[in-house]
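A short worksheet on the structure shown next.
The values are calculated or read from the model by the stated rules, or taken from the named source; none is laboratory data. Owing to the predicted nature of the structure, the values given are computational and were not obtained by experimental measurement. Glycine also receives a Cβ, built like all others from the backbone with ideal geometry; neighbour counts cover every protein chain displayed. For accessibility, only protein heavy atoms count, side chains too; no ligands or nucleic acids. Shrake-Rupley method; radii C 1.70, N 1.55, O 1.52, S 1.80 Å.
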2 protein chains.
Amino acid sequence: MPDPAQHLPRVIIIGCGFGGLEAARALAGAPVAVTLVDKTNHHLFQPLLYQVATAGLSAPAIAAPARHLFRHQANVTTLLGDVVAIDAQARQVRLADGQTLPYDHLVVAAGATHSYFGRDDWARFAPGLKTLSDAFEIRRRVLLAFEAAEKEADAQRRAAWLTFVVIGGGPTGVEMAGTLAEIARRTLPGEFRHIDPAGARILLLEGGPRVLQAMPEDLSASAQRQLEKLGVEVRVASRVTAIDEHGLQVQPPADAPAYRIEARCVVWAAGVAASPLGRQLADATGATTDRAGRVVVEPDLSLPGHPDISVVGDLASAQSHLEGHEPRPVPGVSPAAKQMGRTAAANILHRLRGEPAQAFRYRDWGNLATIGRNSAVVDLWTPWRRIKFSGWLAWVFWLFAHIYFLIGFRNRIVVLIDWASAYWSEQRYARVVTGIDPGTRDG
Amino acid sequence: MPDPAQHLPRVIIIGCGFGGLEAARALAGAPVAVTLVDKTNHHLFQPLLYQVATAGLSAPAIAAPARHLFRHQANVTTLLGDVVAIDAQARQVRLADGQTLPYDHLVVAAGATHSYFGRDDWARFAPGLKTLSDAFEIRRRVLLAFEAAEKEADAQRRAAWLTFVVIGGGPTGVEMAGTLAEIARRTLPGEFRHIDPAGARILLLEGGPRVLQAMPEDLSASAQRQLEKLGVEVRVASRVTAIDEHGLQVQPPADAPAYRIEARCVVWAAGVAASPLGRQLADATGATTDRAGRVVVEPDLSLPGHPDISVVGDLASAQSHLEGHEPRPVPGVSPAAKQMGRTAAANILHRLRGEPAQAFRYRDWGNLATIGRNSAVVDLWTPWRRIKFSGWLAWVFWLFAHIYFLIGFRNRIVVLIDWASAYWSEQRYARVVTGIDPGTRDG
């Protein structure tokens, strides 16, 4: 069949995270043929991924098929594929299955993964949290640790099963630690006959001087107090120097002696590294990458000498260019990724019309992070004034902000019901572990 | 700590399917110490498992942690463990991790798995549907087949990706085939740019003379008509003689020549075999097993010469003993499993009180099966008369019966909302596939 789109400029978008999704949406109705390539079949609402890992939400509640999201946007073709190389000279991308796709404009939004700072051998002892598979793995480890403790006769080994360590005091680490404390103190008590889940230890280790370092100091302090109220032991300025199957080694601040924590369930929330595609792209175009592997982009998010290639989201090392201000680095958060996606799309249309591309300007609304039931911190930058608050009100604000931004009306309702039910019952309904048997699969 | 339960008679229940769960519940408040052992951490509402496999429901919607279900029943201890052997002389069960558990009374409710009739090599080409892991595997294959078709340039290979074969015309096969047809005809159209999902072929192969053989002939015929209306090609008296990665070989009725179907997604819904524990138990006790590996039990569900061991549910080859009637074989359906569980529990209490055990009497309420949206057949045996009906009313009856029996109030609401939403939108929200990357896990 003749394809009416074949004479239109071809736009390839790599990745359907926040950046790629917004870029594709911003091209709705435009005279371009968009191909959205992702190695999964779904857009993932990553800010709530920790809820899947802690059995509060099911996977479908925070993931929507990319194909479904664009069913009414006729100029978007969705493709399941893993981009392994970008050929900037030939203007084409290559998929893992050998297929090549030519483009006229390319938006690279391949995102980030977790980094073990060169210690990739730690990955199997301390899984990170970036994909749904990661979330299932953490869910399994958390729930099975309590099961193993229930069966363990030796007191010392039982204590190790009931010690949970979260490494990294950023938003994900704080959310994980707070939620683990709630599971131990509120969800599980009464269900075991040989152990008291409420006696579980939850430790949050942070290498820097405070948790939530993107927040102002008073909110960091508030977050730490709220964590401690939930029963989390927060240890700042504490670096992890070794991890194995049975625990980890910690270097505390100053000259205090290093010590060991016996723990069977360790979660990695410490490092973020850009997708390896960034390195490949830099090699292919002569662009530079920063220390985290992010590609340094021009003010308009394109690559030097390659106006047809833009990089957005967590893979981009970008500056915000607000009039009358010095350029400021853009943080790796979802609002920034979405805004970059829209700017990259707008610049494609500018170029098609022969107009100059616009510089990226990041509209920063502030920061928010949740700690647990009724606990959160909010740092809001309104056009009029800056508002900081914490506790219950901050939690309600966080809740509605996240539900509002969830993709798709249907999912919002489900998440709201799941949470309302979890709030009143203090239960977590997604406590399903599959693949316990060797030989069966996970879920 | 001293355990007040240690002087009570010890009851071990193996398996937390319908039979094991009901047995444990029926012992609520009784002066016994119950240990419920299962190799998963959840009770699975198996009648709706096909909905997870076809992306209509999330796993947590039909699975509840066994531990949570018994949190208020103080005489039940839940244990995550895989029973590998029963020692009827020493009166203990052995777990895969080497642990042994002594019992005074044992209820074996280990259930069934799918059987490939000696062709276990077919398992990787045609997965069956018994566990959540199975459901995720089928969900992945179905959704990825459409993705592969969208990318496939060769027409013949594309057709093979768009051919779905369900083997076995029992309730699960009928449900799977009907739902696959709905996905192809109603859910996916409009989302692809290179294929028309509505053109997918769905075949249902049944070796016997009709689908739903447990149903009266007129309802079987109605089910077949409803399937065909949905676009399913139903082929009865057709035996599968070979399966490989690219398709299968079919022997049609009479002397018609065998033929091949090119199909990349094949689902096995044909054979059921009892848990291997049945064979081990028979060897250990001198009991006999039937052709399907089920353990032949006494009228009171105990084993010959072993009144302390009962077998219930799909693992039992039992007879129903209604007064004034010949004993009749009990079918492998969930109401029968639940009733057997209750009888086994009651008989434990009878024996403790020195009373004679009661014979099992199966109260048969009839049969129901769904085919798809607005399509079902119901054969209801009320105390007054037998009622047969099909179509929309049967579907509504099926819907409410299943939601009513779902374990746990919270899940019922979620399932109801999921279905209401799916009904109006004709969408299926659980279309999430994880682990597409080699090296990551499933979900």
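Sort shortest first the distances from A:G118 to its counterpart in every other copy, using label points 7 Å along the Cα-to-beta-carbon line, and give them in nm.
The answer, with the shortest distance listed first, is 6.1 nm.
If you take the square roots of the eigenvalues of the alpha-carbon gyration tensor of the protein assembly as shown and sort them as a ≥ b ≥ c, do you get rounded (a/c under 1.5), prolate (a/b over b/c) or oblate?
oblate
Give me the accessible area per residue for the range A:115-271, probe 1.4 Å, as a whole number in Å².
Ligands and nucleic acids excluded, the result is 39 Å² per residue.
Between B:V296 and residues 5 or more places away or on another chain, which pairs have amide H atoms under 5 Å apart, with H built 1.01 Å from N, and which residues are they?
Close amide H contacts, sequence-distant or interchain: B:T288, B:T289, B:D290, B:S317.
Checking buried surface per residue: for the range B:100-148, which residues lose a minimum of 30 Å² accessible area in the protein assembly relative to the chain alone (1.4 Å probe)?
B:S133, B:F136, B:E147
Helix-only estimate, please: 222 nm mean residue ellipticity of chain B, summing -39500 (n - 2.57) across DSSP H runs of length 4 or more and dividing by its residues, to the nearest 500.
About -9000 deg cm²/dmol.
Quick one: label points 7 angstrom along Cα→Cβ at B:R386, distances to the other copies in nm, smallest first?
Output for B:R386: 7.9 nm, nearest copy listed first.
So which of A:K39/B:K229; B:K39/B:K338; A:K229/A:K388; B:K130/B:K151 end up more than 26 Å apart, counting from Cα to Cα?
Pairs exceeding the cut-off: A:K39/B:K229; B:K130/B:K151.
Could you give the angle, 0 to 90 degrees to the nearest 10, between helix B:409-425's Cα long axis and the longest principal axis of the Cα atoms of chain B?
So the inclination is approximately 10 degrees.
Sort shortest first the distances from B:P299 to its counterpart in every other copy, using label points 7 Å along the Cα-to-beta-carbon line, and give them in nm.
Ordered by increasing distance: 9.4 nm.
Can you compute the label reach from A:D97? Point 7 Å from Cα along the Cβ direction, backbone N cut-off under 17 Å, restricted to the range B:186-204.
Answer for this model: B:192-197.
Roughly how many debye, to the nearest 20, is the charge dipole of chain A about its Cα centre, given +1 on each Lys and Arg Cβ, -1 on each Asp and Glu Cβ, and no other charges?
So the dipole magnitude of chain A works out to roughly 760 debye.
Ignoring everything but the protein chains, give the 1.4 Å probe accessible area of B:W161 in square angstrom, nearest 10.
Counting only protein heavy atoms, the figure is 60 Å².
Take A:R157, B:R91 and sort them by solvent-accessible surface of the protein heavy atoms, 1.4 Å probe, largest at the top.
A:R157, B:R91
Output the antiparallel fraction of DSSP beta bridges having both residues in chain B, as a percent to the nearest 5.
That works out to approximately 55 percent antiparallel.
Using label points projected 7 Å from each Cα along Cα→Cβ, tell me how many nm separate B:W392 and B:N374, to one decimal.
So the two model labels end up 0.6 nm from each other.
Label points 7 Å out from Cα along the Cβ direction at A:D196 and B:L8: separation in nm?
Simple spin-label model gives 2.1 nm for this pair.
Can you compute the label reach from A:A420? Point 7 Å from Cα along the Cβ direction, backbone N cut-off under 18 Å, restricted to the range A:364-401.
A:374, A:396-401, by backbone N distance to the label point.
Could you check what % of the DSSP bridge pairs in the protein assembly as shown are antiparallel, to the nearest 5?
Around 55 percent of the beta bridges assigned by DSSP in the protein assembly as shown are antiparallel ones.
Students sometimes get this wrong: rank A:H350, B:H325, B:H72 by accessible area, probe 1.4 Å, all chains present, largest first.
B:H72, B:H325, A:H350
Quick one: accessible surface of A:I183, probe radius 1.4 Å, all protein chains present, in square angstrom to the nearest 10.
We get 10 Å² for A:I183.
Write down the accessible area per residue of the range A:1-109 in Å², having rolled a 1.4 Å probe over the full set of protein chains.
Accessible area per residue, the range A:1-109: 34 Å².
So, with a 1.4 angstrom probe, what is the percent of accessible area on the protein assembly as shown that is carbon and sulfur?
In the protein assembly as shown, the share of accessible area belonging to carbon and sulfur is 55 percent.
Which Cβ of chain A lies nearest the axis of the rotation superposing A onto B, and at what whole-Å distance?
Nearest Cβ to the rotation axis, residue and whole-Å distance: A:S58, 2.
For the pairing of chain A with chain B, what total accessible surface becomes buried, with a 1.4 angstrom probe, in square angstrom to the nearest 100?
Answer for the A-B pair: about 5100 Å² buried.
Whose amide H sits under 5 Å from the amide H of A:R239, counting only residues 5 or more places off or on another chain, with H placed in the peptide plane?
For A:R239, whose amide H was placed from the backbone, the distant partners under 5 Å are A:Q251.
Distance between the C-alpha centers of the range A:1-78 and the range B:150-214? Whole Å please.
Here the answer is 26 Å between Cα centres.
Taking the Cα atoms only, what angle lies between the long axis of helix B:392-405 and the longest principal axis of chain B, rounded to 10 degrees?
It works out to around 40 degrees.
Please calculate the 1.4 Å probe accessible area of B:F397, with all protein chains present, and give it to the nearest 10 Å².
80
Could you sort B:W122, B:W392 by accessible area so the largest value comes first, with the probe set to 1.4 Å?
From most accessible down to least: B:W392, B:W122.
Cα axis of helix A:334-352 to longest principal axis of chain A: angle in degrees, 0 to 90, nearest 10?
For helix A:334-352, the angle is close to 10 degrees.
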